[in-house]
Each structure stands twice: as C-alpha cells, then as structure tokens.
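Taking it in order: structure first as structure tokens, then the write-up.
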Amino acid sequence: MKKAVALFFVLPLFASCDLFVRTVRVKFDRETFNEQRALWRSSDTKNYQYDLDASGFIPYRGTIFVENGEFKKDVPLHDDMDTVQMFLDYSTIDEVYATIEDAFLEYHDTRQSKRDFYYTEIVVEYDRTNHIPTRIVYKYYCPPNLAVDGTFHYGIENFMPTKQADN
C-alpha cells in the first residue's frame, strides 16, 4: 500500500518534468544560407572592407578591413569604441557565416528548459551580388523572470572588394 501511495505522488513529478522542457526547432532558411555561402566561397574574395553595425546591449559601428581572408583592422565610428574584440565573430565574411551556422546548431533540435533563454529564429538577408549576409537578426525565447543582455541585430553595409596591400 505504501508503494502504491508513493508511486501515486512520485509518478506525476516525473511526468511533469517534461512540462518544463521543450524541443527547440529554430526557424532558419538553411537552404538559402548554404546556397549563398557556397556562392560567396566560389567568389574567392580575400581582400575587402565593410561597415559592421551591431546593435544591442553592447553596440559597435565601424569599418572592418580584411586582407588575404584574415581580419586586418577596424576603424570604429567613434574613437571611444574599443569593442571590436567582442565582435571578432563578425570580423570576416567567413566568420559571419560560421557564427550564424554555430548559433543555429547550438539550439536547433535541442531540448531546452522553459526557464532558459534560447534562439527561436534566425533571419538573414543577403546581398545577391556579393553573396554576403547584410542583415542578421537573432530572435529568442526569454522567460518572464529572466533578463537577457546581448547583441542580436547585425548589419553589413558598404561591402567593397579591395586590392591586396603591398608588403
């Protein structure tokens, strides 16, 4: 009888655990993402610059310079902005693509607690000439009792291939 009573109270606890967990399916157009990424890679563009605009808890606005496919330097819009280190995931177009994919894979088809923050959708717009992301928005679930600080909106403008610098 004691076992029956214990089971009566314990089983609902185990069953209710699933009430606080859900499988996350991040909405993301992966097909277009992969097509644009392949076209970007096939362009073999290694020297370029672009303006990066990151808005959110820690903003950044400046011009990024890339030589031989590697981050060379940035020129922030304001002299007091020393935050490019926080945005190295967006320091080359290859890094931008990798960062978007990593964000998708981190949460897609995972089980997340309803008490945690997680991405629900990644929206990417592309420059169909240069095949680069021009707007990246991370939409997320956040429970009412949790404050989330982060940067979730990125823009890339004024992309321009450049000549390789003489060494």
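The values are calculated or read from the model by the stated rules, or taken from the named source; none is laboratory data. Everything numeric in this text was worked out from a predicted model, so none of it was measured. Methodologically, a virtual Cβ is constructed for each residue, glycine included, from the backbone with ideal geometry; neighbour enumeration extends over all protein chains shown.
Can you confirm whether PHE104 is closer than 20 Å to TYR50 by Cβ, surrounded by 13 or more Cβ atoms within 10 Å (Cβ to Cβ) and of a type outside the set (Gly, Ala, Ser)?
Against the criterion (closer than 20 Å to TYR50 by Cβ, surrounded by 13 or more Cβ atoms within 10 Å (Cβ to Cβ) and of a type outside the set (Gly, Ala, Ser)), PHE104 does not qualify.
Could you list, in sequence order, the residues of region 123-139 that are of a type in the set (S, T, N, Q) and over 14 Å from the mean Cα position of the chain (by Cα)?
Those that are of a type in the set (S, T, N, Q) and over 14 Å from the mean Cα position of the chain (by Cα): THR129, ASN130.
List the number of the failed condition for ASP94; all other conditions in (1) in a helix (DSSP H, G or I); (2) touching a helix residue (DSSP H, G or I) at 6+ places or on another chain (Cβ under 9 Å); (3) at pLDDT below 95 hold.
Result: ASP94 passes all but (3).
Quick check on LEU52: is it at pLDDT 80 or above, out of contact with any strand residue (DSSP E or B) (no Cβ under 9 Å at 6 or more places or on another chain), within 17 Å of PRO133 (Cβ to Cβ) and of a type in the set (A, V, I, L, M, F, W, C)?
So LEU52 fails the test.
Taking only region 36-76 into account, find how many residues are under 21 Å from GLY155 (Cβ atoms) and either within 18 Å of the chain's Cα centre (by Cα) or not polar (S, T, N, Q) (or both).
The number of residues fulfilling the criteria is 27.
Say whether the condition of being exposed (fewer than 13 other Cβ atoms within 10 Å of the Cβ), touching a helix residue (DSSP H, G or I) at 6+ places or on another chain (Cβ under 9 Å) and assigned to a strand (DSSP E or B) is met by at least one residue in region 40-54.
Taking every residue of region 40-54 in turn, none turns out to be exposed (fewer than 13 other Cβ atoms within 10 Å of the Cβ), touching a helix residue (DSSP H, G or I) at 6+ places or on another chain (Cβ under 9 Å) and assigned to a strand (DSSP E or B).
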